[in-house]
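J.: Have a look at this one.
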Amino acid sequence: MAKKILIIDGSIGQYGYSKQWLNYMLNGADNDEIEVQISSLGGSVDHAISMHDRLASHGNVTAILTGMVASSATIIALGAKSTRMSQNSMYLIHKAMIWIDEWGTLNEDDIDELIAKLEKEKNEVAKVTLLVAKMYATKSGKGVKDILDLMKKETWLTADEAKGWGFIDEVYAPSKVVNFAEDLSIVAMLHANGLPVPAQTGEIRIDEESLFNRLSGRLAEFFKPKHNSENSMKKQFLNLNKVLKVDKLEASAEGVYLNEDQLSAIDQDLAAHARAETARTTAETSLTNATTALDSIDESVSKADTIENKVAAIKTLLASKPGSKPAGIQGKKDNDPKDDGVDWDTLNSLPHMQDID
């Protein structure tokens with residue numbers, strides 16, 4: 001039997017790990033053993049419940065919980081056939097929450113309307129909380145009232161406590177030590193998600209396959225240089241140096257940092273290149289049109305391979321054409337009259353035509 005491993009290490013919802021994502025990942029895997037590794041602070045309860053049901057319908061699913069697992073992430077784990085959790089990782093459940101945003105100046109009637117609206121939303125959220133509490137109760141065997149009391153406290157549970165509550169089936173030993181309360185990035189994520197921060201006393205152990213270790217490994221792989229030589233760690237951008245009028249501009253795995261003036265200089269240089277390209281295209285078009293006109297003069301011109309040779313061919317053609325004398329008798333000394341239908345003898349015999357030379 002094949003084994004398929006899924007990793008959920010971020011926000012749950014439309015823009016993170018969604019029910020659509022899970023359906024796609026499980027497509028064609030009905031006969032596979034599924035291991036879903038979860039290290040998430042939660043997100044959308046709608047997506048979480050759908051993902052729970054999808055895992056439950058599959059049946060052969062093991063959930064591995066590491067790091068900080070909270071909120072909707074714990075709901076997803078309830079859908080697994082069995083759940084393992086890294087020793088002393090953290091587990092949190094709480095009542096359902098919705099976003100409330102009311103702002104402005106209200107009179108008494110507006111306040112009454114707001115109270116009615118909030119009362120309606122309160123009742124809707126209470127239904128969701130009760131629904132989720134029953135899911136925890138089904139998994140744990142605890143009473144719904146006990147689950148609701150725990151959700152109200154919003155208290156982080158260790159893996160042993162989570163097992164005591166019946167939310168997980170097994171606790172396994174970790175291999176690294178991390179104090180979450182002293183990790184500022186983790187604390188910031190907890191605050192951003194409206195979740196409590198664990199107490200700062202004592203150490204909390206986290207498995208190597210936790211969110212943070214997996215993420216750091218992925219970032220290291222992403223930014224790993226292509227070559228091992230020291231010179232490959234940094235690259236020089238000589239053309240950019242000229243544009244920015246700096247002696248040195250380096251890029252390393254962390255990236256390249258430019259200020260606003262430097263970005264403006266790059267933009268102006270690109271604009272100048274665009275204008276030069278337009279002028280070059282116009283000149284090429286004019287040259288093509290002129291060459292076509294020259295080629296139409298004679299075959300010898302069209303066969304010439306360069307402009308200089310075409311000009312030489314035209315000069316040769318002009319040299320082969322003798323000059324022509326003007327038509328008619330321009331004076332008495334002109335001994336080469338041309339028969340152009342004019343009676344020059346009569347005209348030249350007239351008095352006013354005599355002795356003009």
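The values are calculated or read from the model by the stated rules, or taken from the named source; none is laboratory data. Just so you know, these numbers come straight off a predicted model, no measurement behind them. FYI the Cβ positions are ideal-geometry reconstructions off the backbone, even for glycines, and counts take in every protein chain you see.
J.: Output yes when any residue across the stretch 147-154 is at pLDDT below 95 and not in a helix (DSSP H, G or I), and no when none is.
T.: Within the stretch 147-154, one or more residues are at pLDDT below 95 and not in a helix (DSSP H, G or I).
J.: Looking at (1) under 18 Å from M135 (Cα atoms); (2) surrounded by fewer than 20 Cβ atoms within 10 Å (Cβ to Cβ), find the lone condition where N27 falls short.
T.: Unmet for N27, out of (1) under 18 Å from M135 (Cα atoms); (2) surrounded by fewer than 20 Cβ atoms within 10 Å (Cβ to Cβ): (1).
J.: Right, another one. So which residues in the stretch 293-310 are in a helix (DSSP H, G or I) and touching a residue at least 12 places away in the same chain (Cβ under 8 Å)?
T.: L294, D295, S300, V301, I307, K310
Conditions (1) charged (D, E, K, R); (2) closer than 20 Å to E170 by Cβ; (3) at pLDDT below 95, marked per residue:
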{"position": "M25", "(1), (2), (3)": "no, no, yes"}
{"position": "A29", "(1), (2), (3)": "no, no, yes"}
{"position": "S39", "(1), (2), (3)": "no, yes, yes"}
{"position": "S44", "(1), (2), (3)": "no, no, yes"}
{"position": "A48", "(1), (2), (3)": "no, no, no"}
{"position": "A63", "(1), (2), (3)": "no, yes, no"}
{"position": "G67", "(1), (2), (3)": "no, yes, yes"}
{"position": "S89", "(1), (2), (3)": "no, yes, yes"}
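J.: In the stretch 1-11, is there at least one residue being within 20 Å of V128 (Cβ to Cβ) and at pLDDT below 95?
T.: yes
J.: With the structure loaded, tell me whether D340 is at pLDDT 80 or above, exposed (fewer than 10 other Cβ atoms within 10 Å of the Cβ) and out of contact with any Pro (no Cβ under 8 Å at 6 or more places or on another chain) or whether it fails that test.
T.: no
J.: Could you list all residues from the stretch 12-42 that are closer than 23 Å to K163 by Cα and not charged (D, E, K, R)?
T.: Of everything in the stretch 12-42, those that are closer than 23 Å to K163 by Cα and not charged (D, E, K, R) turn out to be I34, V36, Q37, I38, S39, S40, L41, G42.
Residues checked against (1) at pLDDT 90 or above; (2) in contact with a strand residue (DSSP E or B) (Cβ under 9 Å, 6 or more places away or on another chain); (3) in a loop (DSSP other than H, G, I, E, B); (4) buried (at least 19 other Cβ atoms within 10 Å of the Cβ):
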residue	(1), (2), (3), (4)
A56	yes, no, no, no
T83	yes, yes, no, yes
A96	yes, no, yes, no
W99	no, no, yes, no
L106	yes, no, yes, no
D109	yes, no, no, no
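J.: Any residue that is of a type outside the set (V, I, T), over 13 Å from I93 (Cβ atoms) and assigned by TED's automatic domain parsing to the domain that holds L78 - is there at least one of those in the stretch 143-156?
T.: Within the stretch 143-156, the first condition is being of a type outside the set (V, I, T), and the residues that meet it are 143, 145-146, 148-154, 156.
Narrowing further to those that are over 13 Å from I93 (Cβ atoms): 143, 145.
With the extra rule that they be assigned by TED's automatic domain parsing to the domain that holds L78, the set shrinks to none.
Checking the stretch 143-156: not a single residue is of a type outside the set (V, I, T), over 13 Å from I93 (Cβ atoms) and assigned by TED's automatic domain parsing to the domain that holds L78.
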